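**Student:** Submitted below is the structure of interest, expressed as structure tokens.
The values are calculated or read from the model by the stated rules, or taken from the named source; none is laboratory data. All values reported here derive from a predicted model rather than from experimental measurement. Because the Cβ atoms are built from the backbone with ideal geometry, glycine has one as well, and the counts that use them run over all protein chains shown. Quick note on the areas: whole protein, heavy atoms, side chains included, nothing else; ligands and nucleic acids left out. Shrake-Rupley method; radii C 1.70, N 1.55, O 1.52, S 1.80 Å.
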Amino acid sequence: MRKIKKALALSLALAMGLSLVACGDKTDNSTTESKSSEATSEAASSEDASSEEASSEDASGAAKIEAPSTDGWDDSKKIYAYSWDEDFSKKLNVVLDKFPEYKDYVEFVTLGLGGTSDDYKTAIDTALTSGDKYPSLIPADNDVAKYWSEDDSKTANLYDLGFTDEMLANSYDFAKQYGTTNGELKCVTWQATAGSVYYRRDIAKEVLGTDDPAKVQEALASWDKFFETAETLKAAGYKIVSGAPDVKYAIWDTQSQPWVTDDGSKETLTLDESVTEYLETAKKIYDGEYSNNTSMWDNSWAADMKDDSKVFCYFGCPWFIGSMQGNGATDGNWGAVTGPTSYHWGGTYVCVGKDTNNPELAAFLLYELTCDPDVGVEITNKTGDCVNNKEANARLIAGELSADNAAAKFLGGQNPIEVWAASAEGINLSNLTYQDASIKAFIDEASTAYNSGTYKSVDEAIKYIQDKCASELGISAE
């Protein structure tokens with residue numbers, strides 16, 4: 001991996017001025033000035049001590065980041081929240097509606113670029129080094145977030161801004177794994193983009209005899225069961241999936257080690273068994289004629305979501321329901337199960353710019369967005385998103401899910417949070433690296449060629465991936 005610069009804990013503590021204070025205290029300029037020398041010595045002696053000072057407790061005793069006072073603030077305290085589209089502003093506005101006193105101090109900069117594009121990376125990097133709208137909040141798709149989170153010259157250690165492990169108690173492990181680099185918390189997310197399998201209820205009733213999620217889960221509980229059910233569906237004139245690539249995210253998340261490692265002198269490529277397993281599974285789907293051989297996001301793949309298709313299921317996450325509805329999938333005719341394995345698909349992680357002019361506001365808003373269960377419940381009920389907050393999800397399962405929740409309507413009244421929360425508990429992202437998105441694109445290319453017969457063996461397909469990594473990423477296998 002890229003070499004990581006040492007976190008500037010001292011400068012961050014000074015920037016904070018310990019204005020996030022113990023419960024019940026109010027922040028003002030005199031408080032900040034009187035504690036600045038204390039902040040200097042504490043930050044120099046212990047990063048943990050500074051993060052504990054930056055937190056307080058709510059009435060229940062849980063750690064929290066205190067809401068900063070706006071006394072004495074002017075336009076110089078305004079922060080800029082960047083994003084590639086409107087989704088981040090919709091979610092952060094849930095927090096700003098709860099704390100309207102901060103609305104004048106937050107400006108959204110929506111760039112209208114692809115979230116994983118080089119253009120988005122360039123735009124953020126340019127704003128970090130020049131211009132008058134410094135990115136204090138930097139949301140990024142999980143395919144590219146590590147580009148910023150692993151670079152301490154660009155983004156802050158959130159522990160230095162007041163976050164503690166106690167505050168993350170309601171976060172799913174996979175989100176903490178993704179957001180942590182070398183022991184530093186570099187990004188957090190409000191989302192739990194847990195994968196599931198969406199299945200056609202009408203086909204399930206006809207072929208399996210029931211559309212009950214518990215029974216359908218039994219038919220898809222492992223990859224062996226998946227292929228047994230695929231054969232049953234095939235005999236009845238149906239395909240289990242639209243295309244072989246539909247299963248890729250579920251298999252890729254079984255990674256047992258990072259695909260890229262850095263010993264300090266060079267990066268090395270190590271493709272583990274998850275790559276081989278995906279190539280072999282996709283080939284089995286292709287050769288067995290268990291799909292329509294479509295490619296994800298093409299017109300034929302989208303058309304297979306309609307009621308007149310012969311496709312039984314899609315692997316998807318919470319946000320994927322909107323895509324299915326947009327492509328003609330009928331509300332009420334779908335159910336959801338965990339499927340053969342827990343996995344994730346996508347997700348937006350948020351970093352804080354290292355030189356933000358208002359670290360206390362940036363930290364507080366990010367804390368509320370990601371750690372406050374009340375905000376989590378509101379986000380799900382207002383936007384349909386599944387949140388990275390166990391307490392919020394428990395409440396939504398227990399009865400706080402709104403009656404007009406779009407996902408529940410899509411699933412015929414089934415509570416989707418039950419499936420997503422169960423899947424989220426089993427996800428492991430500890431092995432992801434900043435190069436994975438590029439490597440996955442090469443795996444896709446190799447799989448397509450292997451399925452079609454261009455490559456005659458898995459070894460040939462693996463060789464293609466290794467060659468592409470060497471030539472385009474400068475990373476070679478040992």
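**Student:** Counting only heavy atoms of the protein chains, get the accessible area per residue of the chain (1.4 Å probe) and round it to a whole Å² value.
**Tutor:** Values: 18860 Å² over 478 residues.
Dividing the accessible area of the chain by its residue count gives 39 Å².
**Student:** Just to check I understand the Karplus step: with θ = phi - 60° and J = 6.51 cos²θ - 1.76 cosθ + 1.60, what whole-Hz values come out for region 395-402, glycine and proline as x?
**Tutor:** 5, 5, 6, 7, x, 8, 5, 5
**Student:** May I ask you to derive the FRET efficiency for residue 438 and residue 89 from their Cβ-Cβ distance with R0 = 25 Å, giving the value to the nearest 0.05? All intermediate terms of the calculation are to be shown ahead of the outcome.
**Tutor:** Numbers: r = 29 Å, r/R0 = 1.14.
E between residue 438 and residue 89, to the nearest 0.05, is 0.30.
**Student:** Taking 25 Å as R0, compute the FRET efficiency from the Cβ-Cβ separation of residue 261 and residue 463 and round it to 0.05.
**Tutor:** On the way: r = 20 Å, r/R0 = 0.80.
Once rounded, the FRET efficiency stands at 0.80.
**Student:** Another question, if that's okay. If I fit a long axis through the Cα atoms of helix 359-371 and take the longest principal axis of the Cα atoms of the chain, what angle between them do I get, 0 to 90°, rounded to 10?
**Tutor:** That works out to roughly 40 degrees.
**Student:** Amide H to amide H under 5 Å from residue 155: which residues, 5+ apart in sequence or cross-chain, H placed 1.01 Å off N in plane?
**Tutor:** Under 5 Å from the amide H of residue 155: 354.
**Student:** Ok, one more. If you take the charge dipole of region 259-311 about its Cα centre, with +1 on Lys and Arg Cβ and -1 on Asp and Glu Cβ, which of 311, 264, 285 is farthest toward its positive end?
**Tutor:** Value: 311.
**Student:** Here are a few candidate values for P(r) over Cα pairs in 20 Å bins from 0, in percent: [x] 21, 42, 22, 13, 2, 0; [y] 16, 21, 19, 19, 12, 8, 4, 1, 0; [z] 23, 53, 22, 2. Which one was actually calculated from the structure I just gave you?
**Tutor:** [z]
**Student:** Would you please put 458-464, 358-364, 337-343 in order of how densely packed they are, using the mean number of other Cβ atoms within 10 angstrom per residue and starting with the highest? Working shown, then result.
**Tutor:** Working: 458-464: 17.0, 358-364: 24.3, 337-343: 22.7.
The packing order, highest mean first, is 358-364, 337-343, 458-464.
**Student:** Where the accessible area of the chain is counted over protein heavy atoms with a 1.4 Å probe, how much of it, in %, is carbon and sulfur?
**Tutor:** On the way: 8620 of 18860 Å².
Solvent-exposed carbon and sulfur of the chain make up 46 percent of the total.
**Student:** Sticking with this one: So what's the angle, to the nearest 10 degrees on a 0 to 90 scale, between helix 223-235 and the longest Cα principal axis of the chain?
**Tutor:** 40 degrees
**Student:** Does region 203-297 come out rounded, prolate or oblate by the C-alpha gyration tensor, with a ≥ b ≥ c the root eigenvalues, rounded set by a/c under 1.5 and, if not, prolate when a/b is larger than b/c and oblate if not? Could the numbers behind the result be given before it?
**Tutor:** Details: a/c = 3.35, a/b = 2.26, b/c = 1.48.
Because a/c hits 1.5 or more and a/b exceeds b/c, region 203-297 counts as prolate.
**Student:** Please identify the trypsin sites (Lys or Arg not before Pro) of region 221-272 that satisfy two criteria: DSSP loop assignment and at most 12 other Cβ atoms within 10 Å. Which are they?
**Tutor:** On the way: sites: 225, 234, 239, 248, 266; in loops: 266.
Answer by residue number: 266.
**Student:** Size of the dipole of the chain about the Cα centre, Lys and Arg at +1 and Asp and Glu at -1 on the beta carbon, nothing else charged, in debye to 20?
**Tutor:** Numbers: 41 positive and 80 negative charges, 221 e Å.
Here the chain has a charge dipole of around 1060 debye.
**Student:** If you take the square roots of the eigenvalues of the alpha-carbon gyration tensor of region 266-380 and sort them as a ≥ b ≥ c, do you get rounded (a/c under 1.5), prolate (a/b over b/c) or oblate? Mind dumping the intermediate values first?
**Tutor:** On the way: a/c = 2.78, a/b = 1.50, b/c = 1.85.
Oblate is the answer for region 266-380, as a/c is 1.5 or above yet b/c matches or exceeds a/b.
**Student:** Let me ask something additional. Name the residue farthest towards the positive end of the dipole of the chain from the options 68, 222, 207, assuming +1 on Cβ of Lys and Arg, -1 on Cβ of Asp and Glu, about the Cα centre.
**Tutor:** 207
**Student:** OK, next. Mind pulling the angle between the C-alpha long axis of helix 273-287 and the longest principal axis of the chain? Nearest 10 degrees, somewhere in 0 to 90.
**Tutor:** Taking Cα atoms only, the helix is inclined about 40 degrees.
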